[in-house]
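Following: one structure in structure tokens, then a few remarks.
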Amino acid sequence: MNDSPPTFSQASGAGLYLGLDVGSVSVDTVVLDAQGKELWADYTRSKGRPLATVAQVLAQIFERHPRESFRALALTGAGAPALAGLIGGVVVNEIIALTRGVSSRHPESRSIIDMGGEDAKLILVSPDGQGGLKIDDFAMNTMCAAGTGSFLDQQSHRLQLTIEQFSDVALKSKNPPRLAGRCSVFAKSDMIHLQQEATPDYDIVAGLCFAMARNLKSNIAKGKAVIPPVCFTGGVAANQGVRRALVEIMRLKPKELIVPERFG
């Protein structure tokens, strides 16, 4: 297959909408009809080949819906600007795109925490007076991957666990140890020390999840009030251990952490 995705051409008389989120580790896609109803959605890991992945996903979409049936294409994510230059479409800022998505599905949210493969975000929102949400403030992590999905992938590999096992194992811990969460190097040192002390893997895993939550609270959310309900999005939202850690560290009631059906 040619790695280059096909050029997108808009058809003003058509009624479908196509959205692409080209992130650091995956391509997330959605097709909506004119009323905003979801017709098709997909999550595909890009494995370092975002252009080839987009080409593959678009080929699948165009098998179901002819290219000329789309009214508009919107792109977001780290790879959106480069991709838009190749195939067309409108680039939407990640913060704005995420807020609009949460606004349409969970307008009761007052804070949004997003943890992806290589970045983490906090968005503080409030009602816009029209049934949706407006952005009041936001913050993002630095370029360091600590506190993101890549951080969890690295540590799960060191413990010889799949990321799915990592998620489940964390819930077995009753007393998670304190680990460094702001730096992968320090986290590795802490993990080695705990393993030398014969600390169970489930405690180490839970400690890493809590380290991520503490890192978000002390770094990204520093000086900001995280008001519930909190909508938790991004690939890391699939991790049960991180969900538990956020509830405890942010002092949320169980129902005050919202994980959307399409969290990724």
- Message: I'd like the carbon and sulfur percentage of the solvent accessible area for the chain, probe radius 1.4 Å, heavy atoms only, ligands and nucleic acids excluded.
- Response: 52
- Query: Length gain on complete extension for the stretch Val90 to Glu197, per 0.36 nm per residue less the alpha carbon to alpha carbon distance?
  - Reply: 33.2 nm
- Note on the structure: Links exceeding 26 Å between C-alpha atoms in this model, out of Lys224/Lys255; Lys134/Lys224; Lys188/Lys253, come to Lys188/Lys253
- Message: Run the paramagnetic zone check for Asn175: 7 angstrom along Cα to Cβ, then residues of the range 189-220 with backbone nitrogen under 13 Å.
- Response: 199-200, 203
- Calculated FRET efficiency, Ala139 and Arg100, Cβ-Cβ r, R0 22 Å, to nearest 0.05? 0.75
- Message: What do you get for the angle between helix 50-64 and the principal long axis of the chain? Use alpha-carbon atoms, 0 to 90 degrees, nearest ten.
- Response: 50
- Task: Assuming R0 = 35 Å, can you tell me the calculated FRET efficiency for the pair Arg64 and Asp128, based on Cβ-Cβ distance, to the nearest 0.05?
- Result: 0.55
- Item | Environment charge at Phe138 (Cβ cut-off 14 Å; Lys +1, Arg +1, Asp -1, Glu -1) | +1
- At Glu164 and Asp42, where each label point lies 7 Å from the Cα along Cα→Cβ, what is the point-to-point distance in nanometres? 2.1
- Item | For the range 191-264: span of alpha carbons on each principal axis (Å, largest first) | 40, 30, 20
- Query: Given the options Glu118, Glu94, Glu197, which has the most mean-square fluctuation in a GNM of the chain, springs set between C-alpha atoms less than 10 angstrom apart?
  - Reply: Glu197
- Item | Among Leu98, Ala74, Ser126 - extreme Cα towards positive end, dipole of the range 73-141, charges at beta-carbon | Ala74
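Under the √(5λ) rule applied to the eigenvalues of the Cα gyration tensor, what semi-axes describe the equivalent ellipsoid of the chain? Give them in Å, descending.
Each semi-axis is √(5λ); the values are 35, 22, 15 Å.
As an exercise, use a Förster radius of 30 Å and the Cβ-Cβ distance of His157 and Ala82 to find the FRET efficiency, rounded to the nearest 0.05.
Working: r = 29 Å, r/R0 = 0.95.
Using R0 = 30 Å, I get an efficiency of 0.55.
To the nearest 500 deg cm²/dmol, what mean residue ellipticity at 222 nm is calculated for the chain from DSSP H runs of n ≥ 4 alone, each contributing -39,500 (n - 2.57), summed and divided by the residues? Kindly include the intermediate steps, with their values, before the conclusion.
Numbers: 8 runs with 90 residues, N = 264.
Value at 222 nm, helices only, nearest 500: -10500 deg cm²/dmol.
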- Any idea which of Gln60, Leu216, Val22 is furthest toward the positive side of the dipole for the chain, if Lys and Arg beta-carbons carry +1 and Asp and Glu beta-carbons -1? Leu216
- Task: Quick one: work out Rg over Rh on the C-alpha atoms of the range 73-145, Rh as Kirkwood radius.
- Result: 1.01
- Listed by chain and number, the aspartates and glutamates with an alpha carbon less than 18 angstrom from that of Lys174, same-chain partners under 8 positions apart left out, are Glu197, Asp201, Asp203, Glu248
- Query: Dipole magnitude of the chain about its Cα centre, charges +1 at Lys/Arg Cβ and -1 at Asp/Glu Cβ only, in debye to the nearest 20?
  - Reply: 580
- Excluding Asn239 itself, calculate the net charge of residues whose Cβ lies under 13 Å from the Cβ of Asn239, where each Lys or Arg counts +1 and each Asp or Glu counts -1. -1
- Please work out how much length the chain gains when fully extended from Gln35 to Arg262, using 0.36 nm per residue of separation minus the C-alpha to C-alpha distance, in nm with one decimal. 79.9 nm
- Task: Enter the per residue convex hull volume of the range 28-125, computed from alpha-carbon coordinates, in Å³ rounded to the nearest integer.
- Result: 108
- Message: So for each of 32-39, 158-165, 131-138 I average, over its residues, the number of other beta carbons within 10 Å; can you give me the resulting order with the highest mean first?
- Response: 131-138, 158-165, 32-39
- Message: Residue by residue through the range 117-129, what is 3J(HN,Hα) from phi via Karplus (6.51 cos²θ - 1.76 cosθ + 1.60, θ = phi - 60°)? Round to whole Hz and write x for glycine and proline.
- Response: x, 9, 8, 9, 9, 10, 10, 9, 10, 8, x, 8, x
- Item | Antiparallel content of DSSP bridges confined to the chain, in %, to 5 | 65
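The values are calculated or read from the model by the stated rules, or taken from the named source; none is laboratory data. Given the structure is predicted, the values throughout are model-derived calculations rather than measurements. Cβ coordinates were reconstructed from backbone atoms using ideal geometry, including for glycine residues, and neighbour counts include every protein chain displayed. Note: areas computed on protein heavy atoms with side chains; ligands, DNA, RNA excluded. Shrake-Rupley method; radii C 1.70, N 1.55, O 1.52, S 1.80 Å.
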